[in-house]
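Structure record follows, encoded as structure tokens.
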Amino acid sequence: MKIEGASVLVTGANRGLGKAFVEELLLRGAALIHASGRDLESLEAVSALDRDRIRPVPLDVTDAVGIQELAADTPTLDVLINNAGVDCPVPILGGDDMADLRRAMEVNYFGVLNMSRAFAPVLARSQASAIINLGSMAGFIHVADNTGYSASKAAQLMLSQGLRGQLAGQGTQVLQVLPGFIDTDMGARFPMPKASARSVAAAALDALEAGEDLVLPDVFARMSYDAFVDRPDEVMRKPEAVIGALVQRLMASQPAT
Ligand SMILES: NC(=O)c1ccc[n+]([C@@H]2O[C@H](COP(=O)([O-])OP(=O)(O)OC[C@H]3O[C@@H](n4cnc5c(N)ncnc54)[C@H](OP(=O)(O)O)[C@@H]3O)[C@@H](O)[C@H]2O)c1
């Protein structure tokens, strides 16, 4: 699948990795970019990058009705990038309610499901089409104090696998992106070396164009995946010990940002 000449929808395009995707898509010659975000005002800087090729779209990925309306209003689409996501560093035990834990599932799992259900028929009309889902290494190795996030990204990982099987018949490629730490607002609380948002977006689009179904776009993602493949039993039983050792190796090998 080629980005040049393609029409692409990016969720959470107003900042962070979503904005980096828009910049990288422009560079690669995408014909039309539906840059979606929760409010139009927050999309102004992104829209100003190229007013001819960027269409700002108000969209909350937890709003199933709004998503259906947008899909009905989008006659053609080649690539859907499910980028919008939320962190969830709250305790799973105690606390007043489970609002944050539910929200992580609503955005990171049901948001991706809602978008995929609504846009699968639109993508089916394209000659070549794809869905890119932004997961995390936290979806295959549990990250301490962020169980809600890990659980939601693990659910998304299974969703991607299900979608890949379901959409193969209509020729829609499903690419799962599993980054480590990225230098965005979400990544700001982690005091370790991080990949730039542009490098992650570029690696994801390279993988898409190469026909891949999985990409580990940075060094920590690849270290984590190697541990998952080489020592699955340890990852299942003692994920925190595995992550702790990986972070120490990362910190020793690169300066922190
Ligand atoms: N940063 C990291 O270290 C890291 C690592 C691995 C994976 N990821 C994943 O990469 C993706 C992008 O993250 P990021 O680092 O760019 O995070 P970020 O800087 O916090 O940006 C998150 C984006 O998601 C949007 N969003 C949140 N809830 C939404 C909703 N209900 N509807 C529509 N948009 C919503 C935000 O919009 P508002 O501006 O309106 O809040 C924002 O545009 C996420 O899926 C994240 O889980 C990030």
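Computed from the coordinates by the stated procedures, all read-outs in this text should not be read as laboratory data. Predicted model only: the values in this text are computed from it and were never measured. Reconstructed Cβ throughout: ideal geometry from the backbone, glycine too, with neighbour counts over all protein chains shown.
When a/c is below 1.5 the answer is rounded, else prolate if a/b is larger than b/c, else oblate, so apply that to the stretch 7-219 with a ≥ b ≥ c taken from the square roots of the Cα gyration tensor eigenvalues.
rounded
Using a 7 Å offset from Cα along Cα-Cβ at K2, what residues in the stretch 24-64 end up with backbone N under 18 Å from the label point?
What the label zone holds, given the 18 Å backbone N cut-off, is 25-33.
With +1 assigned to the C-beta of every Lys and Arg and -1 to the C-beta of every Asp and Glu, and no other charges, what is the dipole magnitude of the stretch 1-74 about the Cα centre in debye, to the nearest 20?
The dipole of the stretch 1-74 has a size of about 260 debye.
So what's the angle, to the nearest 10 degrees on a 0 to 90 scale, between helix 219-230 and the longest Cα principal axis of the chain?
With rounding to tens, the tilt is 70 degrees.
Working from Cα positions, state the angle (0 to 90°, nearest 10) between the long axis of helix 16-27 and the longest principal axis of the chain.
Tilt of helix 16-27: around 50 degrees.
Students often forget the sequence filter, so: which lysines lie under 26 Å Cα-Cα from K153 once same-chain residues fewer than 8 apart are removed?
K19, K194, K238
Work through the residues other than P217 whose Cβ is under 15 Å from its Cβ and net out their charges, Lys, Arg +1 and Asp, Glu -1.
-4
Return a whole-number percent for the relative contact order of the stretch 7-219, with Cα pairs under 8 Å and 6 or more residues apart as the contact set. Display every interim value, and only then the final one.
Details: 403 pairs, mean separation 40.1, N = 213.
It comes to 19 percent, rounded to a whole number.
In nm, what is the difference between 0.36 nm times the number of residues separating R51 and D226 and their Cα-Cα distance?
Contour length minus the Cα-Cα distance gives 58.8 nm.
Classify the stretch 101-209 as rounded, prolate or oblate from the Cα gyration tensor: take a ≥ b ≥ c as the square roots of its eigenvalues, call it rounded if a/c is under 1.5, otherwise prolate when a/b beats b/c and oblate if not.
Working: a/c = 2.41, a/b = 1.49, b/c = 1.61.
It comes out oblate by the Cα gyration axes.
Helix 147-167 against the longest principal axis of the chain: what's the angle in degrees, Cα atoms only, rounded to the nearest 10?
For 147-167 against the chain, the angle is about 50 degrees.
In sequence order, what are the phi-derived ³J(HN,Hα) couplings for the stretch 189-195 according to the Karplus relation 6.51 cos²θ - 1.76 cosθ + 1.60 with θ = phi - 60°, rounded to whole Hz, with x for glycine and proline?
In residue order, the calculated couplings are 7, 9, x, 10, x, 10, 7 Hz.
Determine the gain in length on full extension of the stretch D97-Q170; use 0.36 nm per residue of separation and subtract their C-alpha separation, reporting nm with one decimal.
Difference between extended and current length: 22.1 nm.
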